[in-house]
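Peer 1: Just passing along the structure, written as C-alpha cells.
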Amino acid sequence: MKLATRIALSVTVIVPLLVLAAGLLVLGLVSRDLHHQQDTRLRDLAAASLPDVRTLLTAEKNRRPKVEQNQHRRVLDAVLDAGILVRSGDGTEVLAGGPQPADAARLPDATPDGPVTVRAKGHAWRVLTVPVAGPAPGTLWLFTPASATDPQLTAVRGRVLLVALLSAPVSGLLAYALAGRATASVRRLSRRAAALDPRAGAAAFTTAPVNIAEVDELSSAIGQLLARYEEQAARTAQALDTARSFSAAASHELRTPLMSMRTDLDVLAAHPDLSPGERAEVVRDLQSDHARLLELLTALRMLARGDLVEVSAFGRLDLAELVDTAVGEITRRHPGARVSTALPAELPVFGWDAGLMILLANLLGNAVVHGHLPDEPPGITVRLRAEGPYAVLTVDDEGPGIPPQEREAVFGRFHHRPGSPGSGLGLTLVAQQVALHGGTVAIGTPPGGAGARIEVRLPLAGDAPAPALPARRDWISRAD
C-alpha cells in the first residue's frame, strides 16, 4: 500500500473520531448551558411572582375570595408556561397550575443551592423551592420539565453526526491529495536511487535540497551510505591487491633461497658418504637459507599489515617507553652490541603501537647489522628528544656509512648492499611506518663524521585529532 493511501485511510478514520469527540464535548457544554438557562428562568419567575404569592396567601388566610381569585390569575400570568404550586404554612394547597410532577413525587422542602432534579413516573423535573415569609407564611414551588432542552440537544447531536459523516470522505480525499504531493519528492528520490549505477559511486548521487527535512535527511543518508560503500569497496580492492602482491613478491623473492635449499638437499641425498665437515657446511647453508626465508616472510607480513591498518588502531602512546623496550630487545638478541641511549622520561605521540615497534625493531636491527666495521662489535647511539611539535629520534652507528647517492634507494623494496644478509625490507618497513604516522625519515652523518645517522621525526600528540592515513598505501605492491 502506498504511503499516501495509508495516510488517507488514517485521516479518514481519525478525523471523524475527532469530530465526534469534539461534538460530545460541545454537546455536554450545550446541555449544561441549557440547564443553566432553565435554572435562571425559574429564579427570575420566582422573583417576579413572589409578591403576588404573598398577597395570595394573605387573602387566603383572611378569607377574601375576591382578592384571592384576582391573585390566582396574576400569579399564573407571571409564571407563564412554568408549573407552579403554592401551599400555606399548614400544608393546604392554595394554588396549582401548569406542568408539574405527579402527586406521588416528593417535593424538596428547600433548594438553597438552586433548582434540583426530581423524578416521578419516568419523567424528570427541575424544581425550585422558595419559602414565603410574612404574616401568612407558605411555600412556593416552580417546575419546568428537564426534557424541555431535549429538542435543542437533539438538533446539536444531529449536526455533529452529519459533520462527522461528511468529514470522513472529504478529509480522506484531501489527505490523499496532500500526501501524494508531499511524497512526490520521496518517489523522485527512490527513482533516482534505483537508476543509480553502483560503479559511479557517491559522487553520482547528488540531489538538490527540497526543503523537506525528512527527504533531505534520507538523501543525505543515502549519499553517506554510498560513500561508506565506496570506501569499503576501495579497502577491499586494496586488500585483494595487497594479497596478490604478497603472493607475487613472496614467490619471486623466495625462489632463490628455495632453489639453494633444494640443491643442498639433493647433495645430502646423493652423497650419503660426505665427510662430517662437508655435511656440516651444507647444513649451515640450509640453516642460513631457512633464516632468510623466515625473515623475508615476516617482513612481507609486516608490510601487508601496514598497508591494511585502519585509523581505529591508533592511540596515544609513550614513544620513550617504546624506544626503551626496543633497545632492551635488541641488546638481548645481540649481546655483543654496544648500545647507548639518551631518552626523556616521557614523550607522547599518537600512533599504532605495533607499527611503532616494527619501525624501532627494524631501525635498530639495521644499525646493529650494518653499522659496524669488519671484525669490530657494533656500536650504536639512540637519542630521543622533543623539538617543536615533533618527536625526533636519531640512531647513529659506527659503520661505513651510506653514500649520499644511495640514501633514497635504501628505502626501496628488496634493496641489498653487496653481501648483505638481510631481506632488503627493513628500511622499507621504517619508511612505511613513518609515512603512516605522518612523519619523515632522513639519512645523514653523525657529528663525528663516521658511520650513518637515521633521523625520524614524528608529530607529538596534542589536542588535535588523529592524523589521517595516507591515501596511497601500496608499499607491498609498488614497483621500485
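Peer 1: Within region 360-390, count every residue that is of a type in the set (A, V, I, L, M) and more than 17 Å from A326 (Cβ to Cβ).
Peer 2: Total meeting the criteria: 2.
Peer 1: Something else about it: Of all residues in region 131-171, which are closer than 21 Å to G97 by Cα, in a helix (DSSP H, G or I) and aliphatic (A, V, I, L, M)?
Peer 2: Scanning region 131-171 gives A146, A148.
Peer 1: While we're on this one: Quick one: which of L20, L27, L45 is assigned by TED's automatic domain parsing to the domain that holds P115, within 30 Å of A136 (Cβ to Cβ) and in contact (Cβ under 8 Å) with a residue 24 or more places away in the chain?
Peer 2: Checking each option against the conditions leaves just L45.
Peer 1: Taking the options D353, D375, D396, name whichever one is free of Cβ contacts under 8 Å to residues at least 24 places away in the same chain and either acidic (D, E) or crowded, with 16+ Cβ neighbours inside 10 Å (or both).
Peer 2: Just one listed residue meets the conditions, D375.
Peer 1: Just name the residue that is farthest from Q37 (Cα to Cα) out of those in region 116-161 that are crowded, with 18+ Cβ neighbours inside 10 Å and among the hydroxyl-bearing types (S, T, Y).
Peer 2: T139
Peer 1: Turning to a different aspect of this structure: So the check is Cβ under 6 Å with 6+ separation or different chains; which pairs have a first residue in region 72-96 that's touching a residue at least 40 places away in the same chain (Cβ under 8 Å) and a second one that's among the acidic types (D, E)?
Peer 2: From region 72-96, the pairs are R87/E93; V94/E60.
Peer 1: Let me ask something additional. Taking G134, is it in the same structural domain as G97 (by TED's automatic domain parsing) and at pLDDT below 80?
Peer 2: Judged against the criteria, G134 is a match.
Peer 1: Another question, then. Specify the residue that is farthest from V368 (Cα to Cα); the eligible residues are those in region 409-443 that are assigned to a loop (DSSP other than H, G, I, E, B) and modelled with pLDDT of 80 or more.
Peer 2: Within region 409-443, the match that is farthest from V368 (Cα to Cα) is G438.
Peer 1: Quick check on region 372-391. Is at least one of its residues of a type in the set (V, I, T) and either modelled with pLDDT under 75 or not assigned by TED's automatic domain parsing to the domain that holds E321 (or both)?
Peer 2: Looking for residues that are of a type in the set (V, I, T) and either modelled with pLDDT under 75 or not assigned by TED's automatic domain parsing to the domain that holds E321 (or both), one finds none in region 372-391, hence no.
Peer 1: Next up: Scan region 139-172 for residues that are in contact with a Lys or Arg (Cβ under 6 Å, 6 or more places away or on another chain) and not aliphatic (A, V, I, L, M) and report the count.
Peer 2: Qualifying residue count for the region: 2.
Peer 1: Got a number for residues in region 121-159 being hydroxyl-bearing (S, T, Y) and without any contact (Cβ under 8 Å) to a residue 24 or more places away in the chain?
Peer 2: 2
Peer 1: Among the numbered criteria (1) under 30 Å from P16 (Cβ atoms); (2) in the same structural domain as E60 (by TED's automatic domain parsing); (3) of a type in the set (A, V, I, L, M), which single criterion is violated by L162?
Peer 2: With (1) under 30 Å from P16 (Cβ atoms); (2) in the same structural domain as E60 (by TED's automatic domain parsing); (3) of a type in the set (A, V, I, L, M) applied to L162, the lone miss is (2).
The values are calculated or read from the model by the stated rules, or taken from the named source; none is laboratory data. Given the structure is predicted, the values throughout are model-derived calculations rather than measurements. Here Cβ is always computed from backbone atoms with ideal geometry, including for glycine, and neighbour counts include all displayed protein chains.
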